[in-house]
Amino acid sequence: MTKTALITGASSGIGKVFAQHLAAKNYDLFITARRSDLLENLANEIREKHKVKVTPLVIDLITVEGRDTLFSETEGKGHQIDLLVNNAGFGYAGSFLKQTRESIIQMIELNVTAVTDITHFFAKKMTERKHGEMIIVSSVAAFQAIPYFSVYTATKAYDKFLAQSLYHELQKHNVHVLTLCPGKTSTEFAKIASMSEQKFDRNSMSCDIVVRGCLKALKKKKWQYVPGIKNRFIIGVQTFFSQKFVSKVAGGVVRKDQQET
Ligand SMILES: NC(=O)c1ccc[n+]([C@@H]2O[C@H](COP(=O)([O-])OP(=O)(O)OC[C@H]3O[C@@H](n4cnc5c(N)ncnc54)[C@H](OP(=O)(O)O)[C@@H]3O)[C@@H](O)[C@H]2O)c1
């Protein structure tokens, strides 16, 4: 039977590439984001190339109404989601003091509140059916506090802890939860984060490699996937140092990637 995947934040970057890879594996898709033109283009491209069903949902996930629409248009209409890719997210880099109240609240609403609400809704459906898979997109930023990326890092640590707790909690219901922790990846992320795209992209991974590796890890029922040997090495090595020191060094690296001085 054909499986159905729901991918949030599919208009660009990692989410878009998840949609392309899952369609190639014959999944029918629900894809969401706010930019309708990009979603429609992607839906048409995928339908033509892979002959699967693609339903674009133009939704702002920060709003409760947006998330209600997501639920009513999918499970509410009898479409069972077999795989949820909880991917939509963004970060603002820079001094905590210089960030606006609005930007801080939006980051928390999308990366924490929306991720939790969506995960909770689909976890209940999947556990009732005793079948399902979820990928929650965290970050390598979740492995240490990062000055000048403070709120984003805290939201991604939340995502990691949520996903890893649920890995154990939902296992007995035959629902598998994988935490994806990408390092720098070439997407629109750096531009939105106010980082220098040039510096960021210099040592970024491609979305293709990130997604391909993640889907392999999902198949092997891993609980966490960190793409790239370099990222895994850094995460491993930093356990030998104090968290205070690691956090200071990480803040210095982020500062270098920022446009502001
Ligand atoms: N790129 C990296 O280096 C990196 C590293 C670690 C983790 N990550 C994580 O990877 C995930 C994907 O990011 P990306 O790098 O692929 O960045 P991206 O290219 O900016 O993609 C972000 C996606 O989220 C959607 N989105 C943003 N705000 C939204 C909202 N309010 N409602 C609905 N959708 C919204 C965007 O679509 P619209 O703008 O059309 O709504 C877009 O499709 C994020 O969770 C990010 O934290 C990225």
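The values are calculated or read from the model by the stated rules, or taken from the named source; none is laboratory data. Predicted model, so just to flag it, every value in this text is computed and none were measured. Heads up, the Cβs are rebuilt from the backbone with ideal geometry, glycines too, and the neighbour counts pull from every protein chain shown.
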Please state which of the following conditions residue 167 fails to meet, knowing it meets all the rest: (1) in contact (Cβ under 8 Å) with a residue 40 or more places away in the chain; (2) under 14 Å from the mean Cα position of the chain (by Cα).
-> (2)
Got at least one residue in the stretch 58-70 being more than 16 Å from the ligand (Cβ to nearest atom) and surrounded by fewer than 23 Cβ atoms within 10 Å (Cβ to Cβ)?
-> no
Go through the stretch 118-152 and give me each residue that's among the acidic types (Asp, Glu) and part of a strand (DSSP E or B).
-> 133
Filtering the stretch 222-241 down to residues that are assigned to a loop (DSSP other than H, G, I, E, B) and touching a helix residue (DSSP H, G or I) at 6+ places or on another chain (Cβ under 7 Å) yields 223, 226, 227
Might you check whether a residue that is at negative phi, acidic (Asp, Glu), modelled with pLDDT of 95 or more and within 14 Å of the ligand (Cβ to nearest atom) occurs anywhere in the stretch 120-135?
-> no
Residues in the stretch 193-218 that are near the ligand (Cβ under 9 Å from one of its atoms), modelled with pLDDT under 90 and part of a helix (DSSP H, G or I) total 1
Just wondering, is there one or more residues in the stretch 166-183 that are part of a helix (DSSP H, G or I) and either small (Gly, Ala, Ser) or near the ligand (Cβ under 8 Å from one of its atoms) (or both)?
-> no
Count - residues of the stretch 72-81 that are within 16 Å of the ligand (Cβ to nearest atom) and either of a type in the set (Lys, Arg) or farther than 16 Å from residue 124 by Cβ (or both) | 1
Could you check how many residues of the stretch 198-229 are within 22 Å of residue 92 (Cα to Cα) and surrounded by fewer than 17 Cβ atoms within 10 Å (Cβ to Cβ)?
-> 6
With the first residue restricted to the stretch 69-91 and required to be among the aromatic types (Phe, Trp, Tyr), and the second required to be assigned to a loop (DSSP other than H, G, I, E, B), Cβ contacts under 9 Å at 6 or more apart or on different chains are 90/9; 90/188; 90/193
Mind counting the residues in the stretch 4-19 that are near the ligand (Cβ under 9 Å from one of its atoms), among the polar types (S, T, N, Q) and closer than 19 Å to residue 74 by Cβ?
-> 2
Only unsatisfied item for residue 31, checking (1) outside any loop (DSSP other than H, G, I, E, B); (2) surrounded by fewer than 21 Cβ atoms within 10 Å (Cβ to Cβ); (3) within 13 Å of the ligand (Cβ to nearest atom), is (2)
When the residues of the stretch 82-117 are filtered to those that are of a type in the set (A, V, I, L, M) and surrounded by fewer than 22 Cβ atoms within 10 Å (Cβ to Cβ), which remaining residue is nearest to the ligand (Cβ to nearest atom)?
-> 110
